[in-house]
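Working notes, structure below.
The values are calculated or read from the model by the stated rules, or taken from the named source; none is laboratory data. Nothing here was measured: the structure is a model prediction, and the numbers come from that model. Cβ atoms come from the backbone with ideal geometry, glycine included; neighbour counts cover every protein chain shown. Each accessible area value is taken on the protein alone, full model and side chains, heavy atoms only, with ligands, DNA and RNA left out. Shrake-Rupley method; radii C 1.70, N 1.55, O 1.52, S 1.80 Å.
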Amino acid sequence: MLSLNLSGHSFCSSAIIFPRQIRHFPLQMKGNLRSCSTSVSGLEPYKKSCRSFVYNEKSTPNSSIKHCVDSKPEDVQPPSAHPVDVLANVLEELREVRRWLLASENRDLGRLNLCHRNYLDSAINLRHHLALKCLDLQQLNEDLCSVGLQSLESIDPCVLPCIDTIVQLLELSVGTTTAGEEGRNERASAMRQRVFSHATALFGPYRDSGQVHVMVTAGKEAISNETLIADLLKAGADVIRINCAHDDPTVWSEIVRIARQSSASLGKSCRVLMDLAGPKLRTASLLVNKIAAVVSPESDGSGDMLSPARIWLCCDGRSPPSNLSCHAILRIGQELFGELRVGDTVSFVDPTAGRRPVMVVEKYCLDGSGYVAACSEPAHISLGGTLDVDKEDKKVSGQILKILTVERYITVEAGDVLTLTRSCCVGENDLHDDRHDSTMITCSSDHIFNSVKPGEPIAFDDGKIWGMIQAKNSNAIAIVIVQANATGSKLGTKKSINLPKSDTKLLRGLTSKDLVDLRFVAANADIVGISFIRDVNDMASVQRELEKRKVPALGLMLKIETRDAVDNLPLLLLQAMQSSNPIGVMIARGDLMVECGWDQLGEIQKEIMAVCSAAHIPVTWATEVLDILIKSGFPSRAEITDVANAMRASCIMLNKGKHIVDAVAALDSMLCKHTDRRRKKMPPNLPSKSSRL
């Protein structure tokens, strides 16, 4: 008989009845979460024991599974009709698998015991799932199916109870007495329901229409149209998402107020999720080199001025702070700049309207220095023009050396060259193209300038625009656009920047902005989204901050957006389970596709779903769901199929757009029909064995 000395981590064999080669997945298998299973402490000894497995020389795997090779489809019978020795072999193999799972659990008992009592059973089941994925079970699954029993491929939510049930059926077939049927069945049923209870704790109660929640992103448009959120809730949404990378607490608080008010008045559940921006690379300012610029104050419909136009004056090429919105940047000489003071009036000649005055209203000294000048009338500014400042005892003049206009978005085409610069260096550098209409982009982080290399790819706006790094120096990166729409692609501010092939050392964990925003989130939201989480250290830092704020009921949404997060997902979940906070996982397919490659996204989605199913953690299916319907009012065929796949998740997220209410209503209709079909397929509840007796 084959024996497994699990305590000593070695196998021995006198006769083969477990002809399965045990498989160990490499730690860096591209796009495969199976690699994570060996990262959990306690599994490493089994990696060694797998390699020490030795077959009996007098027996071969093929001889012990001859019944499966020689059998024909018409020979397949129920378990009780198969030869007892065949069933006994399968039974013994399942028992060995069961012992393997229990041993892996014991090996990781220290980590599992750290989990909160709400998640302990789920953590143990996740551990069993990871251990099961280390085994090559293809032949065993075929044997189980050939005798009419369940394959081990679909038992993620309740691994050990399902194996116990199959073992029990085989024991009955071979005449071995067994006990504990009721306890096993109840345990399996309870584990299958655990993902629903965890989803309810995170997202609130399910709607009558189905067992999938609907999340919608809301921005400033929800304030200008106060009925929008109410209409979304009526259409079927029950989670409102706010992205903290955009807007400010004034806007967020108003969205939260409207959501709470609409929920109460309609009597419908509505949770609020707020995503922290995280250490994500984004475009900051979009600057276009000009020989002339027009600046105009903001005005209302009647022409009355709401706010003056803002002009940034600098001498060293530094851009304005990221939180300061300016219409144009003027670089001037040091002599004039040194004489400027807040309150000075600076004048220049407008070629269309004569001399125009602007008032210096503010000075900034952080990361360099610059002045903000306010212009109350429309004005044309020309390169090479003269700025004059009248002092009490003298008149100071200086020339306009460079004009950069600040754009909300630019249009790029294949072949265009962009310059990515440090925010402090928008002036001269040897990579920048000084031609008219050449474009510079400042970045939200300076960390990339020392690590990227020429020839590496760079993506903007979740991969909608791709470029190649052409050249670089310490302050700038020249990028040639290699992929964009044939008619040009729009690139705006605060859009993502991805460097999938670069060894870029970005910031980890919560940023200073995240810590500030977390105060608001903890006080106003139901769920906090952790963006660009990568490893256990990131998760632990989030938990420490939540403990400081004493918010044990605040939901945690782990956004899986990077290769590191995919590889570390099991460990991230086990770390998150140490707190009582409700937990969820979001498959953020935008950044994930760019980071991991479009050709691997489908497989990665499946792996994430499998791990979360084993851990009983609700999953949110996000990014571009029904995107064409939201924008144009009519869906594509592929979008409908995507929704059908998304129904396996606990929540589906839609982004904002012109037809968002119609899209939510359409999604709700599909969810209702899906739920009705599932209910019709459900068999009636059968009485248990004890009740039949």
Check: Within the stretch 510-557, restricting attention to residues that are among the polar types (S, T, N, Q) and out of contact with any Pro (no Cβ under 6 Å at 6 or more places or on another chain), which residue is most open to solvent (accessible area, probe 1.4 Å)?
Finding: Asn537
Note to self: Of all residues being in a loop (DSSP other than H, G, I, E, B) and closer than 24 Å to Val216 by Cα in the stretch 488-509, which is least open to solvent (accessible area, probe 1.4 Å)? Just the residue, please.
What the structure shows: Thr493
Next item on the list: Taking the residues in the stretch 231-248 that are modelled with pLDDT of 95 or more and either among the polar types (S, T, N, Q) or over 19 Å from Ala622 (Cβ atoms) (or both) as candidates, determine which candidate is least open to solvent (accessible area, probe 1.4 Å).
Entry: Leu233
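Residue-wise test of (1) in contact (Cβ under 8 Å) with a residue 24 or more places away in the chain; (2) buried (at least 21 other Cβ atoms within 10 Å of the Cβ); (3) part of a strand (DSSP E or B).
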| residue | (1), (2), (3) |
| --- | --- |
| Arg260 | no, no, no |
| Ser263 | yes, no, no |
| Asn289 | yes, no, yes |
| Val294 | yes, no, yes |
| Ser302 | no, no, no |
| Leu306 | no, no, yes |
| Ser319 | yes, yes, no |
| Asn323 | no, no, no |
| Glu335 | yes, no, no |
Check: If you scan the stretch 530-551, which residues turn out to be closer than 21 Å to Leu281 by Cβ, in a loop (DSSP other than H, G, I, E, B) and among the charged types (D, E, K, R)?
Finding: Arg534, Asp535
Next item on the list: Would you check which residues across the stretch 628-658 are open to solvent by less than 80 Å² (accessible area, probe 1.4 Å) and in a loop (DSSP other than H, G, I, E, B) and list them?
Entry: Gly633, Pro635, Ser636, Met647, Ala649, Ser650, Asn655, Gly657
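A quick yes/no check of all residues on (1) more than 14 Å from the chain's Cα centre (by Cα); (2) touching a residue at least 12 places away in the same chain (Cβ under 8 Å):
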| position | (1), (2) |
| --- | --- |
| Phe532 | no, yes |
| Asp538 | yes, yes |
| Arg544 | yes, no |
| Arg563 | no, yes |
| Leu572 | no, yes |
| Ala576 | yes, yes |
| Met609 | no, yes |
Check: Can you name the condition, by its number, that Ser285 falls short on among (1) closer than 27 Å to Asp390 by Cα; (2) among the small types (Gly, Ala, Ser); (3) open to solvent by 20 Å² or more (accessible area, probe 1.4 Å); (4) part of a strand (DSSP E or B)?
Finding: (1)
Checklist line | Filter result for Lys513 (under 17 Å from Ala277 (Cα atoms) and either of a type in the set (S, T, N, Q) or modelled with pLDDT under 90 (or both)) | finding: no
Margin query: Out of Ala373, Ala353, Ala414, I need the residue that is at pLDDT 90 or above and farther than 30 Å from Ala484 by Cα. Which one?
Written below: Ala373
Check: For the stretch 544-586, what are the residues that are closer than 22 Å to Ala131 by Cα and acidic (Asp, Glu)?
Finding: Asp564, Asp567
Check: Which one of Arg117, Arg95 is out of contact with any Lys or Arg (no Cβ under 9 Å at 6 or more places or on another chain), part of a loop (DSSP other than H, G, I, E, B) and open to solvent by 50 Å² or more (accessible area, probe 1.4 Å)?
Finding: Arg117
Checklist line | Search result, residues across the stretch 136-148 that are open to solvent by 10 Å² or more (accessible area, probe 1.4 Å) and either assigned to a helix (DSSP H, G or I) or at pLDDT 90 or above (or both) | finding: Asp136, Leu137, Gln138, Gln139, Asn141, Glu142, Cys145, Ser146
Checklist line | Ser307 vs. criteria within 13 Å of Ile400 (Cα to Cα), in contact with an Asp or Glu (Cβ under 9 Å, 6 or more places away or on another chain) and not aliphatic (A, V, I, L, M) | finding: no
Notebook entry, point to check: Is the stretch 605-621 home to any residue that is part of a loop (DSSP other than H, G, I, E, B) and surrounded by fewer than 23 Cβ atoms within 10 Å (Cβ to Cβ)?
Noted result: no
Margin query: Under 9 Å between Cβ atoms, which residue pairs at least 6 apart in sequence (or on different chains) link something in the stretch 660-675 that is open to solvent by 40 Å² or more (accessible area, probe 1.4 Å) with a partner that is charged (D, E, K, R) and part of a helix (DSSP H, G or I)?
Written below: Val661/Asp231; Val661/Lys234; Ala665/Lys234
Checklist line | Every residue from the stretch 381-405 that is within 50 Å of the chain's Cα centre (by Cα) and open to solvent by 70 Å² or more (accessible area, probe 1.4 Å) | finding: Leu383, Gln399, Leu401
